[in-house]
Amino acid sequence: MPVGSSTARTGEVTHLLRAARGGDASAIDRVVPLVYDDLRRVARRQLGRVFGSQSVRPTELVHEAYVKLSAGDVAAVDRGHFLSIAARAMRQVLVDEARHHRAAKRGGGWKQATLSGNHWVVDVDVDELLTLNDALDELDPRQRQVVECRFFGGMEESEIAEALGVNERTVRRDWVKARAWLYRALAERGFQSVLSEP
């Protein structure tokens, strides 16, 4: 298990998330330090995939995601679920950053970056990232969550299964279906390298 996620801490995180769902506004503030190492791990993976050494650093991405999380209603039930919600918040931060870069460069000059996961590699530029984001919003909700957790969150199948309350076989099946659908949808929009296996 990742650093900072011992059984005791996992129980404490679950307790605090229950308190947050019950209206304790400060509970999320107490959760973040308990999962901070996990959040930084997710952030490092995402930034290596999308921006390399440019723009956003892991600590900044975690803090930006925290701002998004603390501004909304986090209905997570356990550590895994919280990390999947955090991965979505990080996706939103990265997409916002990509939009900012595209606007700053007016669609040009900011080219290729490499996105790589545990079992796949993606070469993507800003337009591809934004097109991927739009296509994700068209997926079945659970398949979208699997892609967010795996692609943006860098989570293992077992972590995704725990976060979504399904078994690993369902996660694998959703990943295969989502990846095939995204490949077709992105190819129709002129992008063929996104989600290519190595």
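Take the conditions (1) out of contact with any Ser or Thr (no Cβ under 8 Å at 6 or more places or on another chain); (2) farther than 19 Å from L94 by Cβ; (3) assigned to a helix (DSSP H, G or I); A161 misses just one of them, which is (1). Examine segment 2-22 for a residue that is outside any helix (DSSP H, G or I) and at pLDDT 85 or above, and state whether such a residue exists. Looking through segment 2-22, at least one residue is outside any helix (DSSP H, G or I) and at pLDDT 85 or above.
Among the conditions (1) assigned to a helix (DSSP H, G or I); (2) among the aliphatic types (A, V, I, L, M); (3) free of Cβ contacts under 8 Å to residues at least 40 places away in the same chain, V166 misses just one, which is (1).
Among the residues of segment 145-175 satisfying the criterion of being within 16 Å of R40 (Cα to Cα) and aromatic (F, W, Y), which is surrounded by the most Cβ atoms within 10 Å (Cβ to Cβ)? This residue is F152.
The single condition among (1) closer than 20 Å to A65 by Cα; (2) assigned to a helix (DSSP H, G or I); (3) modelled with pLDDT of 75 or more that M155 does not satisfy is (2). Within segment 72-83, not a single residue is at pLDDT below 80, over 22 Å from D137 (Cα atoms) and either in contact with a Gly (Cβ under 7 Å, 6 or more places away or on another chain) or not in a helix (DSSP H, G or I) (or both).
The values are calculated or read from the model by the stated rules, or taken from the named source; none is laboratory data. This structure is a prediction, so every number in the text was calculated from the model and none was measured. Because the Cβ atoms are built from the backbone with ideal geometry, glycine has one as well, and the counts that use them run over all protein chains shown.
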